[in-house]
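Data first, discussion second: the structure below is written as structure tokens.
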Amino acid sequence: MKNTNFLYLFVSAIFLLSCNSKESKIITVSGEIPAGEIGKTLHHEHILVDFIGADSTGYHRWKKEEVVEKVLPYLLEIKKLGYKTIVECTPAYLGRDPELLKMLVEKSGLQIITNTGYYSAVGAKYIPEHGFTETAEQLAERWIEEAKNGIEGTGVYPGFIKIAVERASLEEINRKVVEAACITHKATGLTIMSHTGLAVPAFQELEILKNYGVHPSAFIWTHAHNERDLSKPIEAAQMGAWIGYDNFTPEKLDRFVNFALQMKKEGLLHKLLFSHDAGWYRPGEPGGGNFRGYTEIEEYLIPALEKNGLSQQDIYQIFTLNPVEAFKIQVRPVQS
Ligand SMILES: [Zn+2]
């Protein structure tokens, strides 16, 4: 008995030592990488989005080769500009396609990160049947299964949890996906990225995280640029949450620059993420419809940030260091 106890303690000690010394990881479509290898990153973009609804979508809706032909030039364009990674934020039942992402990674040389989770905004149109009947625990079980064994036998693993909630306030189905995301986070260390928009649902979500003992630093408030009361995202960032200003277009230049300056003034630049929320191939439209490229941040936003006093180090913080911290695999419990 004594020997068994000793052995158990010895094995536990070795395990803890190896955890402490192990470098942080990020999970891309091609597998685990040291978190520091994420490089310059666009943290919220799309390759393909299928808006037909959870009841009708499926891989029959697009031809992978045609999507590759359309999208590849846009990926090569940002690779040339020095970007190393894009985070693909299309969840299951809205056009997530791991095999397609694998093809694009191979052809472009870019790193792509995909996700697990469900999109419960827009009247839950993108929630599959079982999403309405199953509990948060059961949904989390499905997402944890993807994180542990890969998505649909493709050998591709999710690198974060993507969910979405209604714009005005959380409804029952929204609460359930946020709860499922918390359970999944605690089991996997995957970060929760939630399509949110305004402050009311954002703080409702942070309250649910708190109830589950999950720290705000496990949460990306996606589409925070829609909240015009800047004190709200600043308050969330002070709590530790990530603030995603992620739908950059040249028309929003002043809004984005102003927010970056505010965050810098508050000492919160280390909580800010910028992206385009661009793309995407649209199944059902001729040639996949109008594709929006991923270069406007480089063309307009970064020069304007520099002009307004942000340093090279600040830019490096936003586009490289922050994605490392936001997407590294780590369970983030509420500190007691
Ligand atoms: Zn998006």
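The figures follow:
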| quantity | calculated |
| --- | --- |
| Residue in segment 300-320 that is of a type in the set (Asp, Glu) and either open to solvent by less than 50 Å² (accessible area, probe 1.4 Å) or in contact with a strand residue (DSSP E or B) (Cβ under 6 Å, 6 or more places away or on another chain) (or both) present | yes |
| Filter result (open to solvent by 80 Å² or more (accessible area, probe 1.4 Å) and at pLDDT below 95) within segment 149-169 | ARG167 |
| Selection from segment 80-123 of residues that are open to solvent by 10 Å² or more (accessible area, probe 1.4 Å) and assigned to a helix (DSSP H, G or I) | LYS80, GLU99, LYS102, MET103, VAL105, GLU106, LYS107, VAL122, GLY123 |
| Options GLU172, GLU134: the member that is open to solvent by less than 50 Å² (accessible area, probe 1.4 Å), under 24 Å from SER56 (Cα atoms) and either among the β-branched types (Val, Ile, Thr) or free of Cβ contacts under 8 Å to residues at least 24 places away in the same chain (or both) | GLU134 |
| Every residue from segment 248-292 that is in contact (Cβ under 8 Å) with a residue 40 or more places away in the chain, away from the ligand (no atom under 15 Å from the Cβ) and more than 22 Å from THR191 (Cα to Cα) | PRO250, LEU253, PHE256, VAL257, ALA260, LEU261, LYS264, PRO283, GLY284, GLY287, GLY288 |
| Hits in segment 208-247 (condition: more than 16 Å from the ligand (Cβ to nearest atom) and among the β-branched types (Val, Ile, Thr)) | ILE208, VAL214, ILE234 |
| Segments classed as helices (runs of 4 or more DSSP H), wholly inside segment 254-336, with at least 2 members that are out of contact with any Pro (no Cβ under 7 Å at 6 or more places or on another chain) and among the hydrophobic types (A, V, I, L, M, F, W, C) | 302-307, 322-327 |
| Conditions (1) under 17 Å from PHE319 (Cα atoms); (2) open to solvent by 50 Å² or more (accessible area, probe 1.4 Å); (3) within 16 Å of the ligand (Cβ to nearest atom); number of the one not met by TYR74 | (1) |
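The values are calculated or read from the model by the stated rules, or taken from the named source; none is laboratory data. None of the values given here were measured: they were computed from a predicted structure. Positions of Cβ are backbone-derived with ideal geometry, glycine not excepted, and every protein chain shown enters the neighbour counts. The protein model used for the area step is the full one, side chains on, heavy atoms only, and it has no ligands, DNA or RNA in it. Shrake-Rupley method; radii C 1.70, N 1.55, O 1.52, S 1.80 Å.
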